[in-house]
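Here is the structure we will look at, set down as structure tokens.
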Amino acid sequence: MVEQAQHDRAVEEPGTSSAAPVRLGAGGTARLVAGVLAPMLAQGIIVRRPAVVRLLDRWQGDDRAVRALQRARARYGRGPLVLRIPGRSVALLTGAQDAARVLAGSPEPFAPATTEKRAALQHFQPGGVLISDGAPRAARRRWNEDVLQLDVPLHEQAAAIGAVAAEELAPLRRAGSWDWPTFTEAWARITRRVTLGDGARDDVGLTDELARLRGRANWAYLRRTDHDGRRRLLAAVQDHLDRAEPGSLAATVTAAAGGEHGADLDLPSQVAHWLFAWDAAGIATHRAAALLAGHPEHAAAVRAEVAAAVPGRPDLPLLRATVLESVRLWPTTLAVLRETTRPTDWGGRTAPAGTTFVLVSSLLHRDDEQLPEADRFVPRMWLDETAPAGTSASLRSMVPFSAGPARCPGRDLVLHTSSVVLAALLGPDEPVQTAGRSAPDTGPLPRTLDHTALRFALRPPS
Ligand code: HEM
């Protein structure tokens, strides 16, 4: 697959960094904390705080973060920028080559399970693969890849997913318009059904309980673990899994548990991660509608693609590329973190074991000093390996689903689900954006896009 080849190319020659780390002073550290890390933490790493997202949209927070990192790179050079934080070794990466090296070297020596991620995610998924190490991590990773079917464009539940999407989105289509509250409710019903089966369709309590624990997870070690709440959540997930409803991921989960994967899977934790991660996919899908509304010619090509697709097994490369562009332009994983398990060499200097490397997604994806088309909608980037310089040549830094051995195992399932959701929503109609910051072709696209403000209507194609 072309897309897979591109992913592999991004990490096939990790090399080593040519530039040594630079230790920043108090001023340099303060500038990057204020301009990059604080806005990220304020909007919520695990669940977004809508009021802060609104503010950052007005302030174009990601634009300021990209500029702050570019200024730091110009001043200090391309090596890792080591922050002055007492008792911790934390380094921001500003080069695509370094990012590729770190992602290729996961889980050893660049472990996905960092101190901060553990502190946050244990609030609702204590055994999640992302915060696991060693043999349990290896088993949980293999299992996630198998069940979510990474690198398989059409998941074995693809037809069921399409049917669920069409059913749940019919009211929005009938209404001829949707906003974030109506979309996200329908999305939550779809993802509960897809993951846990029809019996979970109306289990809003499960989503609410997860949201509450995710709110605590935003505070990581600053909030104590709500052990009772966590037990309730994981027991509710297990109850749904026990039904193993045909057509849902729960059926696949049950079939794949045990056997070659071993016993130490902690299934409810894995599935709690999925339920959490579907939220990001909903945000990406809603924003993808803004891209379609802002690019009518592309939307017309998408309509033709949908009209020609095989029902039940639709191949929708243009829609997948639209969703990929949504997460490239407005990454839902704000930063990818890795923590070293041993000393690593950077341009002849050593970074100690336990160093946390921070890959800031908005810089990697929107670095207009390196990527001529960084701020444009470029779906062909994901479709055409021979695209001009500045697109495919730059894919090394395009990592919305991460890259390398710890990349998102849900990527293909997400791209399929988001694509069929958009196809079901739009049908033969044209989307028009009626509220929120728009994403037209007329200038650089905004670097922060408040998804909660976006509203759309349908009209017959002109
Ligand atoms: C727009 C939607 C999504 C995006 C952009 C996304 C992106 C990512 C990224 C960047 C990572 C790596 C995180 C890190 O290393 O810190 C990741 C990990 C992961 N994702 Fe996703 N994800 C999405 C949705 C999903 C969904 C819906 C599922 C499951 C149904 C899923 C399952 C996972 C799992 C299990 C991991 C951990 C992998 C590991 O540690 O080996 N993701 N995802």
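The values are calculated or read from the model by the stated rules, or taken from the named source; none is laboratory data. Please read all numbers here as calculations on a predicted model, not as lab measurements. Cβ atoms come from the backbone with ideal geometry, glycine included; neighbour counts cover every protein chain shown.
The figures follow:
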| read-out | value |
| --- | --- |
| Residue check, Leu426 touching a helix residue (DSSP H, G or I) at 6+ places or on another chain (Cβ under 9 Å), within 8 Å of the ligand (Cβ to nearest atom) and within 26 Å of Ala308 (Cα to Cα) | no |
| Residue identified as basic (Lys, Arg), within 16 Å of the ligand (Cβ to nearest atom), under 23 Å from Ile161 (Cα atoms) and surrounded by 16 or more Cβ atoms within 10 Å (Cβ to Cβ) among Arg320, Arg328, Arg338 | Arg320 |
| Some residue of the stretch 40-58 being in a helix (DSSP H, G or I), within 16 Å of the ligand (Cβ to nearest atom), touching a Pro at 6+ places or on another chain (Cβ under 7 Å) and at negative phi | no |
| Cross-chain or 6+ apart pairs with Cβ under 9 Å, the stretch 404-421 first and modelled with pLDDT of 95 or more, then of a type in the set (S, T, N, Q) and more than 9 Å from the ligand (Cβ to nearest atom) | Pro409/Gln149; Asp412/Gln149; Leu413/Gln149; Leu413/Gln157; Ser418/Thr322; Ser419/Thr322 |
| Checklist (1) touching a strand residue (DSSP E or B) at 6+ places or on another chain (Cβ under 9 Å); (2) at pLDDT 95 or above applied to Ala439, failing item | (2) |
| Any chance Ala220 is crowded, with 21+ Cβ neighbours inside 10 Å, within 16 Å of the ligand (Cβ to nearest atom) and in contact (Cβ under 8 Å) with a residue 24 or more places away in the chain | no |
| Matching entry among Asp239, Asp266, Asp315 (being farther than 24 Å from Val36 by Cβ and without any contact (Cβ under 8 Å) to a residue 40 or more places away in the chain) | Asp239 |
| The stretch 393-436: number of residues that are touching a strand residue (DSSP E or B) at 6+ places or on another chain (Cβ under 7 Å), among the aliphatic types (A, V, I, L, M) and farther than 25 Å from Asp279 by Cβ | 1 |
| Residue satisfying all of: in the stretch 83-93; part of a loop (DSSP other than H, G, I, E, B) and modelled with pLDDT under 95; farthest from the ligand (Cβ to nearest atom) among these | Pro86 |
| Residue that is nearest to Thr252 (Cα to Cα), among those in the stretch 155-183 that are among the polar types (S, T, N, Q) and surrounded by fewer than 18 Cβ atoms within 10 Å (Cβ to Cβ) | Thr182 |
| Only one of Arg101, Arg118 that is within 16 Å of the ligand (Cβ to nearest atom), among the basic types (Lys, Arg), crowded, with 22+ Cβ neighbours inside 10 Å and in contact (Cβ under 8 Å) with a residue 12 or more places away in the chain | Arg101 |
| Residues that are closer than 26 Å to Gln238 by Cβ, over 20 Å from the mean Cα position of the chain (by Cα) and not in a helix (DSSP H, G or I), drawn from the stretch 173-218 | Gly197, Arg201, Asp202, Asp203 |
| Any hit, the stretch 57-68, residues being small (Gly, Ala, Ser), crowded, with 16+ Cβ neighbours inside 10 Å, in contact with a strand residue (DSSP E or B) (Cβ under 7 Å, 6 or more places away or on another chain) and closer than 20 Å to Thr356 by Cα | yes |
| Members of the stretch 137-189 that are closer than 22 Å to Gly436 by Cβ and within 12 Å of the ligand (Cβ to nearest atom) | Trp187 |
| Of all residues in the stretch 105-138 being among the hydrophobic types (A, V, I, L, M, F, W, C), in a helix (DSSP H, G or I) and farther than 13 Å from Ser269 by Cβ, the one that is nearest to the chain's Cα centre (by Cα) | Ala120 |
| Failed item in (1) crowded, with 23+ Cβ neighbours inside 10 Å; (2) away from the ligand (no atom under 15 Å from the Cβ); (3) aliphatic (A, V, I, L, M), with Ala308 passing the rest | (1) |
| Inter-residue pairs, beta-carbon under 8 Å, first over 11 Å from Leu241 (Cα atoms) and at pLDDT 95 or above and in the stretch 187-206, second within 14 Å of the ligand (Cβ to nearest atom) and part of a loop (DSSP other than H, G, I, E, B), 6+ apart | Arg193/Ser248; Val194/Gln157; Val194/Ser248; Asp198/Ser248 |
| Filtered residue count, the stretch 328-361, keeping only those that are over 25 Å from Pro400 (Cα atoms) and of a type in the set (A, V, I, L, M) | 2 |
